[in-house]
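Take this structure first; my questions come after.
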Amino acid sequence: MRKKLIAGIAMLAVVALTTGCAKPPQNEIDAAKAALTAAEGAQAAKYAPAEWEAANQAINAVNAEVEAQAQKFALFRSYKKAQELTAAAAQAAATAQEAAVAGKEKAKNEAMAAVDAAKTAVTAAEELYAELGKCRRQPKDFKKDMEMMRGNLDGLVAQVGGLDSAFAAEDFFGAKAQAESLKGQLDMLTSDMQGAKEKIKC
C-alpha cells in the first residue's frame, strides 16, 4: 500500500511538472497578431473584407482558448489547441494580406478603366457637339438648344478633375463609381445630341 501511495505521489509530481508549467505560446501569438497588423496595413478590411473577417475571427478564437485555459487549475491547463489555433490565425492573417494586395490592384485597374472610359466619352461628346454646331440647317431655337447642351457638357467635363483627384488619393472605389456615373450622363447627352443631329438631317 505504501509503495502504491509513493507511486501515486510521484505520478502527481510528474503531472504537475509537465502540465502545471504549461504556458501560452506567446511568441507564436505575437507573430500571428503581427501578421494581422500587416494585413490591416495592407487595407484588408477595405480590399479583402471576407478574408479580413476570417483572420479576426481566428485571432479571437486564439484569445478565447488562452483565456479558457487560464481559468483552469494549473494542473489541467493545456495549450496544444491554442498552438493549433495560433497557426491557423497566422495563416488566415497572411491570406488576408495577400488578398488585400490583389484586391487593391484589381480595384486600381477597374478604376483606371472607368476613368479612361469617362474621358473617352468626354472626347466623343465634344466631337459630336462640334459636328452639330457645323450643321447648315439650324431651325428656330437651335442656338438656344446648343447653348443649353454646351452648359450641360461643360458641367460634366468639370467633373473629370474630381476623378483624377480620387484616383490619385487611391480612392479607387470612389473614382470608379464617379467615373461610371459621369460616363452615364455623358452617354445620355451624346444620345440627345445625336438625336438632334438626325432630326435636322445634318
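Residue-by-condition table, conditions (1) among the acidic types (Asp, Glu); (2) assigned to a helix (DSSP H, G or I); (3) farther than 15 Å from ASP187 by Cβ; (4) more than 39 Å from the chain's Cα centre (by Cα):
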position	(1), (2), (3), (4)
ALA99	no, yes, yes, no
GLU105	yes, yes, yes, no
LYS108	no, yes, yes, no
LYS119	no, yes, no, no
GLU131	yes, yes, yes, yes
PRO139	no, no, yes, yes
LYS143	no, yes, yes, yes
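Can you name the helices (runs of 4 or more DSSP H) wholly within region 1-76 that have at least 1 residues being at pLDDT 95 or above?
Numbers: elements: 2-19, 26-41, 44-47, 49-70.
Counting at least 1 such residues, we get 26-41, 44-47, 49-70.
Okay, next question. Right, ARG150: among the charged types (D, E, K, R), at pLDDT below 95 and either in a helix (DSSP H, G or I) or surrounded by fewer than 16 Cβ atoms within 10 Å (Cβ to Cβ) (or both) or not? Give the steps one after another, and end with the answer.
On the way: among the charged types (D, E, K, R): yes; at pLDDT below 95: no; either in a helix (DSSP H, G or I) or surrounded by fewer than 16 Cβ atoms within 10 Å (Cβ to Cβ) (or both): yes.
It is false that ARG150 is among the charged types (D, E, K, R), at pLDDT below 95 and either in a helix (DSSP H, G or I) or surrounded by fewer than 16 Cβ atoms within 10 Å (Cβ to Cβ) (or both).
In addition: Can you name the residue in region 77-90 that is in contact (Cβ under 8 Å) with a residue 12 or more places away in the chain, surrounded by fewer than 21 Cβ atoms within 10 Å (Cβ to Cβ) and assigned to a helix (DSSP H, G or I) and is also nearest to the chain's Cα centre (by Cα) among such residues?
ALA88
Quick check on region 178-202: of everything there that is out of contact with any helix residue (DSSP H, G or I) (no Cβ under 8 Å at 6 or more places or on another chain) and part of a helix (DSSP H, G or I), which residue is farthest from MET112 (Cα to Cα)?
Taking region 178-202 first, the residues out of contact with any helix residue (DSSP H, G or I) (no Cβ under 8 Å at 6 or more places or on another chain) are 181, 184, 188, 191, 195, 198-199, 201.
Keeping just the survivors that are part of a helix (DSSP H, G or I) gives 181, 184, 188, 191, 195, 198-199.
Numbers: SER181: 14, GLY184: 16, MET188: 22, SER191: 24, GLY195: 30, GLU198: 33, LYS199: 36 Å.
The extreme case among them is LYS199.
Please list, ordered by first then second residue, the pairs with beta carbon atoms under 7 Å, 6 or more apart or interchain, first in region 160-173 and assigned by TED's automatic domain parsing to the domain that holds ALA121, second charged (D, E, K, R) and exposed (fewer than 15 other Cβ atoms within 10 Å of the Cβ).
From residues that are assigned by TED's automatic domain parsing to the domain that holds ALA121, there are no pairs.
Sticking with this structure for a sec: Only one of GLU65, GLU105, GLU40, GLU53 is within 30 Å of ALA168 (Cβ to Cβ), surrounded by 15 or more Cβ atoms within 10 Å (Cβ to Cβ) and acidic (Asp, Glu); which? Full working, then the answer.
On the way: GLU65 fails: within 30 Å of ALA168 (Cβ to Cβ); GLU105 fails: surrounded by 15 or more Cβ atoms within 10 Å (Cβ to Cβ); GLU53 fails: surrounded by 15 or more Cβ atoms within 10 Å (Cβ to Cβ).
Unique residue meeting the criteria: GLU40.
The values are calculated or read from the model by the stated rules, or taken from the named source; none is laboratory data. Keep in mind it's a predicted model, so treat the numbers as computed, not measured. Reconstructed Cβ throughout: ideal geometry from the backbone, glycine too, with neighbour counts over all protein chains shown.
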